[in-house]
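The structure appears right after this line, and notes come after that.
The values are calculated or read from the model by the stated rules, or taken from the named source; none is laboratory data. Quantities reported herein were computed from a predicted structural model and do not represent experimental measurements. Counting neighbours? That spans all protein chains shown, and the Cβs are built from the backbone with ideal geometry, glycine included. Surface accessibility is based on the protein's heavy atoms, side chains included, excluding ligands, DNA and RNA. Shrake-Rupley method; radii C 1.70, N 1.55, O 1.52, S 1.80 Å.
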Amino acid sequence: MAQSARFWNVTFHEKAQAALLVRMIWLVLFLFFAPHNVLAQGTAFEASSVYKKYANTPISETYRKGMDYLSKGSLDSALACLTVVTSQFRPKMDEEEKRTYIYALNNAGAIAMMRSDYSVAFSYFMKVIDVADDSIAYRTYNNIAGIYIYYNDYANARKYLNMAYDISEQRHDWGSLLNTLHNLLDLDWDMDSLQHSQELIKRFRHTPITPKDAQYQFVSKICDGMEQSYNHRYLEAIASFRQAIDIAQPLPFVVSHEVPAYMYIAKAYMQMGEYGKAAECLDICERKSRESHSLDMLINTYKYQVLCYNQKGDLPHAREAKYRYMELKDSVNIANEYGKIKDMQFLHESAKYENQLSELRTEKRLRNIATMAILTGLLLALAFLGLMIWQNRRLARSNKDLFKKNVALIKQEEHEQQLHQQYATLLDQYQSKERGNERYRSSGLTDESRQQLLQSIREVMHDPAQFCQDDFTIDKLASLVGSNTKYVSQVINETIGKNFNTLLNEQRITEVCKRLVDTKNYGSKTNEAIAEEVGFKSRSHFIRTFKKITGLTPSQYQRMAKEQST
């Protein structure tokens, strides 16, 4: 039997959040309407690396990749890709997606046939018939016929092959017609149905097939050989069959063309009494069938070997071939497989009518539920979208206010005279307090020296060349102002009310803000680069400190600075 797997003006944040909401709505609607069997089928396959790789790829691309694996003989990878496609069925697929889904089912079944897993193959082919009409499903009839032939159910096999041939001829699908004709001729050859073959060949000769490619030439040579064999011109028949083998070499699944042709040659040799040559041809069939793991062709080869050795009188080889034939053909697994197929066929017919009744009963109810769900979902989505936009606008206004305040503070800090006045006020307040502060009572600092030290500290802490160094510490500050760390820490705490680290972070963040606003000189730099320039070693520490001091993230501040400059 020829293998039949030969088929073929809102803000930026508002826009982003609105787009996200739209995607969420579509996802919810898809999950609501997705049929349950999509998820059920998807869990039936043991996930592999190939399966995971293509799980989120468009089914047309996944199908093409699967067929590419199949053409290279990588059956596991091919089946993984095809299973991804067959697990994504939706009732409202467009025609192209549906056709791809059907072809994937058919070729997955063909791979199961190659592995002699006929019950699995049959289930795939029955799904094709469930989903597709005759205009597409007829391509699967060859595969179904192949399973029936394997179990010697020739009546059902011929029924499906005749249907496939008729529809292929009506639709001018010459590739399918040639494939079906080859399978019918093979069946007739096995059953010695000479009259049916002659009528079929005559019908084929009058069919206006175009183009007359390699497949056409192959089938034509098979027809020539069979006609010559029917007329007892065996040498001519053998020559035609050998020409057919040569023509088949560039065709896909070449073994499925070669092995039947060698069997035709072997039978012609047997009819001539050349049993040794017949046995040589059958040895080739056995080797090629084993190499291609084709169980059905191997069984057929054993059957012809039994016939050949019996006619030759070689009883030991005949018994050996018969033993191998019976061992393969009559195994318990094969019997069980056929029982599964008969049960599946019965369940298939019963379930088809039950599903039709169930769909009629539930269609109206589901339509009403779907309508209410859509309306409710849309109302909730609109309300949620309105709330998000309102919150986003309020947040945007708040951020702009924070930005303006930070800019104002920076400008204010640049006025040295105002800072002097602030210090004088703080100093007066300090002098009015008790001198008995326990922490600094014995420090030895006079008011004058304290004021001079504060002035020196201020000069250093307003010099970016100093405090922006990543190794800037209180020890270095004390060295620069000509004092010690104790007095420096005392003056900072008493007059400014902060410790050294807090003051250093504030000065560095202030410098960052100045540079972010200065888009002319720093507009091409990232906020991380600027942070590193002013002495921050850790990105996370910088972001955390910036947010704490300004109330904004560096990205928000930078974006507002660019908006202000335009």
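Here the stretch 166-220 is assigned +1 on the Cβ of each Lys and Arg and -1 on the Cβ of each Asp and Glu. Its dipole about the Cα centre then comes out at about 300 debye. Between the residues 146, 179, 215, the greatest Cα displacement towards the positive end of the dipole of the stretch 72-222, with unit charges on the Cβ of Lys, Arg, Asp and Glu, is found for 215. Ligands, DNA and RNA excluded, the heavy atoms of residue 172 present near 120 Å² of accessible surface to a 1.4 Å solvent probe.
With all protein chains kept in place, the per residue accessible area of the stretch 518-566 amounts to 60 square angstrom at a probe of 1.4 angstrom. Along the stretch 138-146 the Karplus relation, 6.51 cos²θ - 1.76 cosθ + 1.60 evaluated at θ = phi - 60°, assigns HN-Hα couplings of 4, 5, 8, 4, 4, 5, 4, 4, x Hz to successive residues, with x for each Gly and Pro. Each Lys and Arg adds +1 at its Cβ and each Asp and Glu adds -1 at its Cβ; summed about the Cα centre, the stretch 105-180 shows a dipole of about 180 debye.
Each label was represented as a point 7 Å from its Cα along the Cα-to-Cβ direction; for residue 326 and residue 203 these points are 3.9 nm apart. Using a 7 Å offset from the Cα along the Cα-to-Cβ direction at both residue 388 and residue 539, what is the distance between the two label points in nm, to one decimal? About 2.6 nm, to one decimal. Between the stretch 124-139 and the stretch 452-523, what is the separation of their alpha carbon centroids in Å? So the separation of the two Cα centres works out to 80 Å. Kindly flag which residue pairs out of 202/267; 72/322; 65/212 have an alpha-carbon separation exceeding 26 Å in this structure. Check vs 26 Å cut-off fails for 72/322; 65/212. Classify the stretch 105-160: rounded, prolate or oblate, from the alpha-carbon gyration tensor (a ≥ b ≥ c, eigenvalue square roots; a/c under 1.5 rounded; otherwise prolate if a/b is larger than b/c)? Because a/c hits 1.5 or more and a/b fails to exceed b/c, the stretch 105-160 counts as oblate.
Listed here are the pairs 520/547; 525/562; 221/288; which of them are more than 19 Å apart at the Cα? Check vs 19 Å cut-off fails for 520/547; 221/288. Between residue 518 and residue 555, the C-beta separation translates, for a Förster distance of 30 Å, into a calculated FRET efficiency of about 0.95.
Could you calculate the contour length gain from residue 60 to residue 562, that is, 0.36 nm times the residue separation minus the distance between their Cα atoms, to one decimal place in nm? Intermediate values should be presented prior to the final figure.
Numbers: separation 502, 0.36 × 502 = 180.72 nm, distance 4.53 nm.
Computed gain between residue 60 and residue 562 is 176.2 nm.
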